[in-house]
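Student: Structure provided below as structure tokens; questions to follow.
The values are calculated or read from the model by the stated rules, or taken from the named source; none is laboratory data. What you see is a predicted model; the values in this text were computed from it and never measured. Note that each Cβ is placed from the backbone with ideal geometry, even for glycine, and that neighbours are counted across all protein chains shown.
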Amino acid sequence: MAADLVRRKVAVLVSTGGAPSVMAAKAATSTIPIVFTIAVDPVQLGLVTSLSRPGGNITGVNFLSAALESKRLGLLRALLPGLQLIAVLLNPNRPDHADQTSQVQEAAATISQQTHILLASNESDLDAAFTTAVQMHAGAMLVATDQFFNSQRNKIIALAARHAIPAIYEQREYAQAGGLMSYGTNYRDGYRQVGVYAGRILKGEKPGDLPVVQSTKFELVINLKTAKALGIEVPPNLSAEADEIIE
């Protein structure tokens, strides 16, 4: 699809959906401006030279979602202080899988939290991961940042409900769809910035001169209906911290 857009000689390629789409756009053109949304370090992926001066034909918005796993671990502990084991669901096919894994492990070690990594990159893996979490008596699950997981949102929420596993996710849409809790970037604000950058490029500015925007707005959403179904009483201080409570 990226190659098709290049053949049509579009003025700007807006690449949403994370690393796979922007890497496809980058492979398709080195001249047409590209504005991306991504959840990992664009410098590490080789998309830009630096955040302040991207250079080349690419710039965009870093949602920082993958860097928030430690915060999500802490929120699970705040909700369930007696947790002994937290299962962590990761996609081994992510470009930054190794970094994401080490960040989770370092965060867990900092708060002396035992975790177990479960890997899933297709639908059958998801079923197996939840079965393993139950067999290991995991008290909760951290569903890490990943586009594949987002595409399987309803299935993951259903599996968590079926196995009665409290889980935290990256996007508010999980909590709105019945997931227990989410913490992550305010995506609406980030996508608006993508539109602003696309407009500035159409007016003549160069993407290489537009700094990569780092998201600064994050939100905690708690679904009290799901908490009640799981027999969880949300602590008042955690409720007070939430940006949205779903009842």
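Student: Mind counting the residues in region 110-156 that are assigned to a helix (DSSP H, G or I) and either buried (at least 23 other Cβ atoms within 10 Å of the Cβ) or touching an Asp or Glu at 6+ places or on another chain (Cβ under 9 Å) (or both)?
Tutor: The number of residues fulfilling the criteria is 7.
Student: For a quick check of your reading: which strands (runs of 3 or more DSSP E) sit entirely within region 12-70 and have at least 3 residues that are farther than 21 Å from GLN147 by Cα and in contact with a strand residue (DSSP E or B) (Cβ under 9 Å, 6 or more places away or on another chain)?
Tutor: Answer list for region 12-70: none.
Residue-by-condition table, conditions (1) farther than 18 Å from LEU75 by Cβ; (2) under 24 Å from the mean Cα position of the chain (by Cα); (3) in the same structural domain as ARG162 (by TED's automatic domain parsing); (4) in a helix (DSSP H, G or I):
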residue: GLN193; (1), (2), (3), (4): yes, yes, no, yes
residue: VAL196; (1), (2), (3), (4): yes, yes, no, yes
residue: GLY199; (1), (2), (3), (4): yes, no, no, yes
residue: GLY204; (1), (2), (3), (4): yes, no, no, no
residue: GLY208; (1), (2), (3), (4): yes, no, no, yes
residue: PRO211; (1), (2), (3), (4): yes, yes, no, no
residue: THR226; (1), (2), (3), (4): no, yes, yes, yes
residue: GLU233; (1), (2), (3), (4): no, no, yes, no
residue: SER239; (1), (2), (3), (4): no, yes, yes, yes
